[in-house]
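*Asks:* Sharing a structure here in structure tokens format.
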Number of protein chains: 2
Amino acid sequence: MKILVLGGDGFCGWPTSLYLSKAGHEVVIVDNLSRRQIDVLLEVHSLTPIASIHQRLAAWEKITNKTISYVELDVAQEYDKLVELIKTAQPDAVVHFAEQRSAPYSMKTPKTKRYTIDNNVNATHNLLCALVEAGSDAHIVHLGSMGVYGYGWSGSAPIPEGYLPVKLDTPDGELVREILHPANPGSVYHLSKTLDQLMFAFYAKNDQLRITDLHQGIVWGTQTDETLLDEALINRFDYDGDYGTVLNRFLMEAAINHPLTVHGSGGQTRAFIHIRDTVRCIELALTNPPKSGDKPKIFNQMTETYTVKQLAELIAKLTQAKIEYVPNPRKEDDKNDLVVENQQFLALGLQPTTLSEGLLDEIEQIAKKYADRIDQTKIPARSIWNKTLKASQR
Amino acid sequence: MKILVLGGDGFCGWPTSLYLSKAGHEVVIVDNLSRRQIDVLLEVHSLTPIASIHQRLAAWEKITNKTISYVELDVAQEYDKLVELIKTAQPDAVVHFAEQRSAPYSMKTPKTKRYTIDNNVNATHNLLCALVEAGSDAHIVHLGSMGVYGYGWSGSAPIPEGYLPVKLDTPDGELVREILHPANPGSVYHLSKTLDQLMFAFYAKNDQLRITDLHQGIVWGTQTDETLLDEALINRFDYDGDYGTVLNRFLMEAAINHPLTVHGSGGQTRAFIHIRDTVRCIELALTNPPKSGDKPKIFNQMTETYTVKQLAELIAKLTQAKIEYVPNPRKEDDKNDLVVENQQFLALGLQPTTLSEGLLDEIEQIAKKYADRIDQTKIPARSIWNKTLKASQR
């Protein structure tokens, strides 16, 4: 398959590109290096020493004798170049990671809120428009987020994979309809993914585009079999308050003998997936596309759920770290249940890496190994969700 | 009340601004004159001879001794100026018409599709962001569209005003939830209004903004009591294939003794409202805001429904025009029922102008009166919804 990977230099995009290349696909990375540029502006860097994109690609070619090509292009801004690329490359599929993907960053300032909506909406819409203009039937595989569903909306019913059957009363009796799960985003970033969903539904209906949307949980883990082949292939590990996930924050705190900072009571349940499983899911999605004329295919891309407190306790047990409870900068419920359906990927053969098996490796091989590269001042989460919370945390 | 009217030079914005000024409100029009600029690019003009914005405002002041001020500003592009304006003006409310509002234009070319999403999403998001940044509690009244609901989704149940109660099965029994009516847009323009809805829901929840969204039907009629006061105050009448509504197309065809061109079988039922009622609804919405912390308040802003065929027959009866059936350039069902709830505005005292009462006036006072200004080549609808329809109409 010939595959464009939009955002192929990022945390999910890079290991995905390698995995697909290894599997024999022809991969073209399309990126504007925005993730690295945001690091510059935030004055942070990946804990792991990531190589430049050209160093990465040269190392890959040297080790595997496989070529991945790279096009510097801003998908949200350079529409004409995107159309030209699709016409020239004639891809069979486009994996779309080209979005700003941090919830705290998306809530940081008016500028980052506006960038997140503008960039993410226009990246997705440009891709949809460009495929129609180029007359391409390429299958889009997009990275969505579990956060589109919100938490606790459907009571004790598990969160379905995208579509929800509901009943409504009509003068002619009860009617059953399958709807896109109602959107309940908790940040501007998650909001942007709910906007993507509606654009996908429209272009699938109006132009018969083939689209798969992957609602992913929190990704943990750094390395895959491919990124482990050489240190020049190492994946990024973000630990700063904006791009570091809750799990990475705990790992770093443990590595520097700081208590693990749990926001609120830690009763928030979240869904997780290892980066090795992410790249497998992407390939499973690529090889199982919807048909032209189908509505978008939606998978829940997660493998297990933990409360934040349970996660802290798991890491505390492995590292002897203490736990400290701090105010929550996010506007969210302090406690929620979360049961998620993920039958589709399991049925396709996914065999998950679990936190209880994999965390120790992450502590030893990443957090401790690179601990001397930490800027400790960057660990706390400082983006605050609204003015009420801002006032209460002053 | 001090009110900013974003898009206050447009077809709905202009009569709304006059109505609110007449009612004693302090009105500031904010516009980038994009609607006039699109006319230039499409090489069309309003059938009615509209004055420039400064001529309009001067005429209004001369006749009524009331001042409306005007700020040239692109809401989607000039965020910093918008924040500054909100901080300086301290409005009590912002009426938001600042969006590209033609469905056919939004489907015309990749450029117009992209402009519609980019402009409409960023205009709305900039406004939301700017109110938060400025610490303003101004009530947003936004013009949405009946098209967010799609047609025929809820069987024989009437379309509710925004929110729909549904039942879902859970392990603990049936759960009743009120959801935002599922989005079923029929064009990129309507899609943009469904994106607006999700942004409103998020900012109402996260930042307690007070927002009213008005899902309006097809507006007909040209003049209001205020625009009739002087010819320099006349409202625009669009008859071109992109901005002219189906009703205006029929009126123009009748005025030049051309058969009324019905797309498909004309079985599509649509909702209508007179421009006089639009401006009243806006004021009713302004004086009945939601409370801070409420979800967005949604009204269906329409007063009657007609099938396109019934509409053609009504105009044919008044004008002796013939009816001609032509292929439909839109991807839509050829026939649909439409029952709409609109109790909220009726309960607030709205007394609708009906098509059967008002159409003759529109024919005599607008279509025939200005018939010598028609460019007949501009009447047909030429924007085609997708490549399949394009091929079939070649």
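*Asks:* Just how large is the dipole of the protein assembly as shown about the Cα centre, in debye to the nearest 20, putting +1 at every Lys and Arg Cβ and -1 at every Asp and Glu Cβ?
*Replies:* About 340 debye.
*Asks:* Oh, and also: Of the beta bridges DSSP finds with both residues in segment A:2-381, what % are antiparallel, to the nearest 5?
*Replies:* Counting only bridges with both partners in segment A:2-381, antiparallel ones make up about 25 percent.
*Asks:* Once amide H atoms are placed 1.01 Å from N in the peptide plane, what residues at a sequence separation of 5 or more from A:Ile179, or on another chain, have their amide H within under 5 Å of its amide H?
*Replies:* Correct list: A:Leu164, A:Val166.
*Asks:* So, one more: To the nearest 0.05, what FRET efficiency results for A:Ile374 and A:Lys87 with a Förster distance of 45 Å applied to their C-beta separation?
*Replies:* According to the calculation, E is roughly 0.50.
*Asks:* Hey, another quick one. Calculate the spin-label point distance for B:Glu324 paired with A:Gln365, positioning each point 7 Å from the Cα along the beta-carbon direction, and give it in nanometres.
*Replies:* So the two model labels end up 7.3 nm from each other.
*Asks:* How about segment B:134-214: which chymotrypsin sites (Phe, Trp or Tyr not before Pro) there lie in a loop by DSSP and see at most 10 other Cβ atoms within 10 Å?
*Replies:* Listed in order of number, the matching sites amount to none.
*Asks:* Which far-off residues, 5 or more places away or on another chain, put their amide H under 5 Å from the one on A:Thr261, with H placed in the peptide plane?
*Replies:* For A:Thr261, whose amide H was placed from the backbone, the distant partners under 5 Å are A:Glu324.
*Asks:* Can you give the net charge of the other residues whose Cβ lies under 11 Å from the Cβ of B:Asn300, counting K and R as +1 and D and E as -1?
*Replies:* For residues surrounding B:Asn300, the net value is -3.
*Asks:* Taking other Cβ within 10 Å of each residue's Cβ, how do B:Asp372, A:Asp333 sort, fewest first?
*Replies:* Least to most surrounded, the residues fall as B:Asp372, A:Asp333.
*Asks:* Looking at this model, which pairs from B:Lys113/B:Lys295; A:Lys205/B:Lys108; A:Lys387/B:Lys297; A:Lys113/B:Lys297; A:Lys111/B:Lys22; A:Lys113/B:Lys331 are more than 27 angstrom apart at the alpha-carbon?
*Replies:* Check vs 27 Å cut-off fails for B:Lys113/B:Lys295; A:Lys111/B:Lys22; A:Lys113/B:Lys331.
*Asks:* Let me ask you something else. Give, in nm to one decimal, the length gained when the segment between B:Arg382 and B:Asp294 is fully stretched (0.36 nm per residue of separation minus the Cα-Cα distance).
*Replies:* My answer for the length gained is 27.4 nm.
*Asks:* What are the residues whose amide H is under 5 Å from the amide H of A:Ile298, where those residues sit 5 or more places off or on another chain and H is modelled from the backbone?
*Replies:* Hits under the 5 Å cutoff: A:Asp213.
*Asks:* Give me the net charge for the shell around B:Lys2: Cβ to Cβ below 10 angstrom, other residues only, Lys and Arg +1, Asp and Glu -1.
*Replies:* In short, -2.
*Asks:* Report Rg(Cα)/(2.2 N^0.38 Å) for segment A:2-381, keeping two decimals.
*Replies:* Taking N as the residue count of segment A:2-381, the ratio is 0.97.
*Asks:* Restricting to DSSP H runs of at least four residues, report the calculated mean residue ellipticity at 222 nm for chain B, -39500 (n - 2.57) per run over all residues, nearest 500 deg cm²/dmol.
*Replies:* Estimated from H runs of four or more residues: -11000 deg cm²/dmol.
*Asks:* Another question about this same structure. Just for the Cα atoms in the protein assembly as shown, what are the lengths along the principal axes, largest first, rounded to whole Å?
*Replies:* 84, 57, 52
*Asks:* Right, here's the next one. What's the center-to-center distance, using Cα atoms, between segment B:341-393 and segment A:258-310 in Å?
*Replies:* Answer, in whole Å: 48.
*Asks:* Over segment A:248-351, how many percent of alpha carbon pairs lie in each 5 Å bin up to the one with the longest distance?
*Replies:* The calculated distribution, bin by bin, is 2, 11, 17, 16, 15, 13, 11, 8, 4, 2, 1.
*Asks:* So, one more: Using the charge dipole of the protein assembly as shown (Lys, Arg: +1 at Cβ; Asp, Glu: -1 at Cβ; taken about the Cα centre), state which of A:Leu73, A:Pro158, B:Ala201 has its Cα farthest towards the positive end.
*Replies:* Ranked along the dipole, the leading option is A:Leu73.
*Asks:* Now a separate question. Among A:Tyr79, A:Tyr239, rank each residue by its count of other Cβ atoms within 10 Å, from fewest to most, as a rough exposure measure.
*Replies:* Ranked by crowding around the Cβ, least crowded first: A:Tyr79, A:Tyr239.
*Asks:* With 5 Å bins from zero, work out the P(r) of segment B:33-86 over every alpha carbon pair and list the percent per bin.
*Replies:* With 5 Å bins starting at 0, P(r) equals 4, 15, 18, 17, 19, 18, 8, 1.
*Asks:* Could you give me the percent of Cα pairs per 10 Å distance bin for segment B:40-119, shortest bin first, beginning at zero and ending with the bin that holds the maximum distance?
*Replies:* With 10 Å bins starting at 0, P(r) equals 13, 31, 38, 17, 1.
*Asks:* Semi-axes of the equivalent ellipsoid of segment B:147-239: what are they in whole Å, largest first, if each equals the square root of 5 times a C-alpha gyration tensor eigenvalue?
*Replies:* In descending order, the three semi-axes are 36, 17, 12 Å.
*Asks:* Now a separate question. Alpha carbon centre of segment A:156-184 versus segment B:66-106: separation in Å?
*Replies:* Result: 37 Å between the Cα centres.
*Asks:* Kyte-Doolittle cut-off 1.6, length cut-off 24 Å along the helix's own axis using Cα: show which whole DSSP H helices in chain B pass.
*Replies:* Answer set is empty.
*Asks:* Taking the convex hull of the alpha carbon atoms in segment A:1-148, what volume per residue do you get, in Å³?
*Replies:* In segment A:1-148, the Cα convex hull volume per residue is 118 Å³.
*Asks:* How big is the equivalent ellipsoid of segment B:78-139 along its three axes, where each semi-axis is √(5λ) from the Cα gyration tensor, reported in whole Å from largest to smallest?
*Replies:* Output for segment B:78-139: semi-axes of 27, 11, 8 Å.
*Asks:* Within 10 Å of each Cβ in A:177-183, how many Cβ atoms from other chains are there, averaged over the peptide?
*Replies:* For this peptide, the per-residue mean of nearby foreign Cβ atoms is 5.
*Asks:* Sequence gap at least 6, Cα distance under 8 Å: using those rules, report the relative contact order of chain B to the nearest whole percent.
*Replies:* 20
*Asks:* Could you please rank B:Thr245, B:Thr124, placing first whichever residue has the fewest other Cβ atoms within 10 Å of its Cβ?
*Replies:* By the 10 Å Cβ count, ascending: B:Thr245, B:Thr124.
*Asks:* Also: So, in nm, how far is label A:Leu348 from label B:Ser69 when the simple model puts each one 7 Å beyond its Cα toward the Cβ?
*Replies:* My value for the distance between the label points is 5.8 nm.
Taken together, the values in this text are just the output of simple stated rules run on the coordinates, not laboratory data. Only a predicted model underlies this, so the values are computations on that prediction, with no experimental measurement involved. Backbone-built Cβ (ideal geometry, glycine too); neighbour counts: all protein chains shown.
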